[in-house]
Every structure is written in C-alpha cells, then in structure tokens.
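What follows is a short report on a single structure.
What follows draws every value from the coordinates through simple rules; no lab data is involved. Here the structure is a predicted model, which is why all the values come from computation and not from measurement. No Cβ is skipped: glycine too gets one built from the backbone with ideal geometry, and neighbour counts run over all protein chains shown.
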Amino acid sequence: MTTGNEQDILMRLRQLEEENARLRSAPRANSGELVVTEGDYNGHPVLTFEGRGKRFSIGLKKLRAVQEVWPIVEKFLQRHKSAIGNYSHSDDDLQI
C-alpha cells in the first residue's frame, strides 16, 4: 500500500516523464528558431523561450500584464522593427 507522499512522488514522476518526452520531440532551439515550451517553476506554470538569444521564462502574472497592454507592445515593435530585423507576428512563429 502506498502512502500519500509516495503517490505524490509517483504523480510527479509521471509528469516529468511526459514533459521529457515532449521536450525530446520538440524542435531544437539551437536551430535559430524560437521554441516556446510550457513548464513549471516551483509549482507555477511558465512559458520558456529558447533559440534567439538567451533562454528565459515568464509566468502567468507577467504574461497577463503583457496581454493587457498588447496594443502598446505592437506599436513599439512596429516603431523599432529595423532594430530587431524583420518582425512579423504569425501563429506559425510560436511552437508550444
């Protein structure tokens, strides 16, 4: 008979195995393309961005803040697109 703690460990192990399988099947970030994966940090959901520069993660609160001001972000990107190359937003650009 397993205890509650053992069940938690087994459930976490299954989650890690699923995440590992997903990460192995994802395109490689070193190919230059942006790869976005969903994960968790200390039990909190995050998105991790890899590929075009330094790897970083962002959580729900910051993503919600960005979502609330997205029109401002779009205008900023348009004004500075020469500084970042050919910026184009497309659902095809993100791989989650």
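Got a sec? Which of E38, E50, E19, E33 is in contact with a helix residue (DSSP H, G or I) (Cβ under 8 Å, 6 or more places away or on another chain), among the acidic types (D, E) and in contact (Cβ under 8 Å) with a residue 12 or more places away in the chain?
Details: E38 fails: in contact with a helix residue (DSSP H, G or I) (Cβ under 8 Å, 6 or more places away or on another chain); E19 fails: in contact with a helix residue (DSSP H, G or I) (Cβ under 8 Å, 6 or more places away or on another chain); E33 fails: in contact with a helix residue (DSSP H, G or I) (Cβ under 8 Å, 6 or more places away or on another chain).
The unique qualifying residue is E50.
Looking only at the stretch 41-66, which residues are in a helix (DSSP H, G or I) and either within 20 Å of L16 (Cα to Cα) or among the acidic types (D, E) (or both)? Don't jump to the end; show me each part of the working.
Looking only at the stretch 41-66, we keep the residues that are in a helix (DSSP H, G or I), and these are 60-66.
Listed by number, the list is empty, since nothing qualifies.
Among the residues of the stretch 29-40, which ones are part of a strand (DSSP E or B) and of a type in the set (A, V, I, L, M)? Full working, then the answer.
Applying the first criterion (part of a strand (DSSP E or B)) to the stretch 29-40 yields 35-40.
Within the stretch 29-40, V35, V36 meet the criteria.
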